[in-house]
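See below for the structure under consideration.
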Amino acid sequence: MKSAMVRIGDFLFKWRNLVFPAVIVTAMIAVPPSDTFFGRQDLEPLRDVLAIFVMLAGLVLRSAVIGFVYIKRGGRKKKVYAADLVTTGMFGVCRNPLYVGNLLIYAGIGIMHGNPWVLLGGLLLFAFMYQAIVLAEEHFLQDKFGDAYRAYCADVPRWGLRWSRFREATAGMRFDLGKALLVDYNPILNGVFILSAIELYEQLTYYPAARNGMVWWLVGLMVLALIASGLVHYYKRHWRVAAPKQA
């Protein structure tokens, strides 16, 4: 069973940038967003606040990871790879803090969607896919780092956040907010875009008589998110080209 999960994880690791967005888009098309929360329309405002809070928690966690020490998760040639065993920063609190952050972001999207089956089914599916990816990564890391990695696994939880280790794991490190935002701009801006799009759908579908400034605010947020994403991408690409010339 574990070897099958590792093979699934290797596949998902290679194609996750296509598979994960495809799951979200398919869910949105198959089951349109609702104007209720667990069947209650009066809970809709609470649902929106909760969705934003949960997504922010995921984004903040990701920023904390990257701001202290960042592990490039793209692997090598779309295969699991790691040059070093990193156990400091947020990786001293949890072995997969970026994935935990991602699950919180997906939970925020599911809550905002409003359909409990989409929320629960989506979380179970994403949890399964990330578990498979993690098992594939662990298989590689155990082969490469041996006892050092096994000791790390025994000391740090795979999914839980052991905050009691935070001070020790980040001792002597400086949090770099600029790096966190520059590296992780896509999840932030994508989150703004998706939540705005869901709310825009609800406004246009369920409250056609109330088409007012809210609609234009939402459209504006979506446009700003797209423009900001393009500008940051251009800046990063330009900086990477210019940097060697300055060295």
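The values are calculated or read from the model by the stated rules, or taken from the named source; none is laboratory data. For clarity, every value in this text was computed on a predicted model and none was experimentally measured. Methodologically, a virtual Cβ is constructed for each residue, glycine included, from the backbone with ideal geometry; neighbour enumeration extends over all protein chains shown.
Selection of helices (runs of 4 or more DSSP H) fully inside the range 63-171 by the criterion of at least 3 residues being in contact with a helix residue (DSSP H, G or I) (Cβ under 8 Å, 6 or more places away or on another chain) and closer than 28 Å to VAL192 by Cα returns 97-113, 116-145. Is there a residue being at pLDDT 90 or above, small (Gly, Ala, Ser), within 27 Å of LEU195 (Cβ to Cβ) and part of a helix (DSSP H, G or I) anywhere in the range 7-29? Looking for residues that are at pLDDT 90 or above, small (Gly, Ala, Ser), within 27 Å of LEU195 (Cβ to Cβ) and part of a helix (DSSP H, G or I), one finds at least one in the range 7-29, hence yes. None of VAL60, VAL69 is surrounded by fewer than 21 Cβ atoms within 10 Å (Cβ to Cβ), closer than 14 Å to ASP184 by Cβ and in contact with a Ser or Thr (Cβ under 7 Å, 6 or more places away or on another chain) except VAL69. In the set LEU141, LEU104, only one residue is closer than 30 Å to PRO33 by Cα, crowded, with 16+ Cβ neighbours inside 10 Å, in contact with a Leu (Cβ under 8 Å, 6 or more places away or on another chain) and aliphatic (A, V, I, L, M); that residue is LEU104.
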